[in-house]
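> I am attaching a structure below and will ask some questions about it afterwards.
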Amino acid sequence: MKKLALSLAFAAFTSSAFAAPETFNIDTTHTAPRFEYNHFGYSNQLHSFDNTSGQVVYDPVAHTGSVDISIDAKSVNTGYALFNQHIQDADFFDTAKYPTITFKSTKVKFDGAKPVAVEGNLTIKGVTKPVTLTVTSFQMMPNPMLKRDAIGANAVTKIKRSEFNMGKYAPMVSDDVTLSIAMEAIKQ
C-alpha cells in the first residue's frame with residue numbers, strides 16, 4: 001500500500017512539474033485597453049477601446065509565456081461620438097488605413113510563478129516599437145461563473161505618441177501617453 005501511495009504521489013509531482021503551457025483566449029467583455037494623456041495642462045484625459053481580441057500562453061512551472069493582442073482602433077471610446085471620429089482621422093489613429101493596434105510579446109519576465117513584465121512590439125499606425133508592459137497585478141484561478149481556469153492582469157507602460165506618427169498638438173497636448181490594460185482571459 002505504501003508503494004502505491006508513493007507511486008501516486010510521484011506521478012502527481014512529475015505531471016505537475018512538467019505541466020504544458022496553457023492557452024487562454026482574451027475575454028472581450030472584461031478586457032479594457034486605455035490611454036491617458038494631459039490635455040493642454042488642464043487635465044489628464046482617459047479613453048479606452050471597446051474591442052480587443054487575442055491569446056495569452058502561460059506556463060507557471062516553466063516560467064514562460066506569450067501575449068498576442070489585437071485592438072480594434074475603430075472601437076476607440078472617448079465618451080463622445082464626435083471626438084471618437086476626430087481621433088480616428090489621419091492626424092491621430094488613421095483608422096481608415098490602420099484599423100488595428102497590435103502587441104506581440106518577445107519575452108515574459110517572472111517572479112516565481114507570476115509574470116511581472118512583458119516585453120514586446122507595439123504597432124500603432126503602421127509603426128512598430130519595442131515596449132515593456134509592467135504587470136501590476138496577476139491572478140490565475142477558476143472562473144466562478146464559467147467553471148474554467150482563467151487569468152487576469154493589469155499592466156502599464158508609457159510611450160511617446162510622436163514616435164507613432166501621432167504627434168499633432170504636442171507638446172500642448174502631451175506627447176507622453178500612459179497605456180494601461182486590464183485583461184482577463186479564459187482557458188481554451
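The values are calculated or read from the model by the stated rules, or taken from the named source; none is laboratory data. Keep in mind that what you see is a predicted model, and the values were worked out from it rather than measured. Reconstructed Cβ throughout: ideal geometry from the backbone, glycine too, with neighbour counts over all protein chains shown.
> If a residue has to be surrounded by fewer than 17 Cβ atoms within 10 Å (Cβ to Cβ), β-branched (Val, Ile, Thr) and under 22 Å from Pro21 (Cα atoms) to count, how many in segment 112-128 make the cut?
The number of residues fulfilling the criteria is 1.
> For segment 72-87, give me the residue count where each residue is surrounded by 15 or more Cβ atoms within 10 Å (Cβ to Cβ) and in a loop (DSSP other than H, G, I, E, B).
2
> In segment 129-156, which residue that is modelled with pLDDT of 95 or more and surrounded by fewer than 11 Cβ atoms within 10 Å (Cβ to Cβ) is farthest from Thr23 (Cα to Cα)?
Once the filter is applied, the top-ranked residue is Pro130.
> Of the residues that sit in segment 88-109 and are free of Cβ contacts under 8 Å to residues at least 24 places away in the same chain and either in contact with a Phe, Trp or Tyr (Cβ under 9 Å, 6 or more places away or on another chain) or not in a loop (DSSP other than H, G, I, E, B) (or both), which one is nearest to Arg161 (Cα to Cα)?
So, considering only residues that are free of Cβ contacts under 8 Å to residues at least 24 places away in the same chain and either in contact with a Phe, Trp or Tyr (Cβ under 9 Å, 6 or more places away or on another chain) or not in a loop (DSSP other than H, G, I, E, B) (or both), the one nearest to Arg161 (Cα to Cα) is Lys107.
> What are the residues in segment 40-65 that are out of contact with any helix residue (DSSP H, G or I) (no Cβ under 9 Å at 6 or more places or on another chain) and outside any strand (DSSP E or B), if any?
Phe40, Gly41, Tyr42, Pro60, Ala62, His63
> Moving on to the next point. Six or more apart or on different chains, Cβ under 9 Å: which pairs go from a residue in segment 44-60 that's without any contact (Cβ under 8 Å) to a residue 60 or more places away in the chain and over 27 Å from Tyr80 (Cα atoms) to one that's surrounded by 16 or more Cβ atoms within 10 Å (Cβ to Cβ) and acidic (Asp, Glu)? Could you list them?
Val57/Glu22; Asp59/Glu22
> Right, another one. Would you point out which residue out of Ser16, Ser70 is modelled with pLDDT of 95 or more, over 15 Å from Pro115 (Cβ atoms), out of contact with any helix residue (DSSP H, G or I) (no Cβ under 8 Å at 6 or more places or on another chain) and not aliphatic (A, V, I, L, M)?
The conditions single out Ser70.
> Something else about it: Kindly establish whether Thr106 is closer than 16 Å to Phe35 by Cβ, of a type in the set (S, T, N, Q) and under 20 Å from the mean Cα position of the chain (by Cα).
No, not satisfied.
> Does any residue of segment 103-111 turn out to be more than 22 Å from Asp50 (Cβ to Cβ), at pLDDT 95 or above, surrounded by 14 or more Cβ atoms within 10 Å (Cβ to Cβ) and of a type in the set (S, T, N, Q)?
yes
> I need the full set of residues from segment 75-87 which are among the polar types (S, T, N, Q) and touching a residue at least 12 places away in the same chain (Cβ under 8 Å), in order please.
Once the filter is applied, which keeps residues that are among the polar types (S, T, N, Q) and touching a residue at least 12 places away in the same chain (Cβ under 8 Å), segment 75-87 yields Ser75, Asn77, Thr78.
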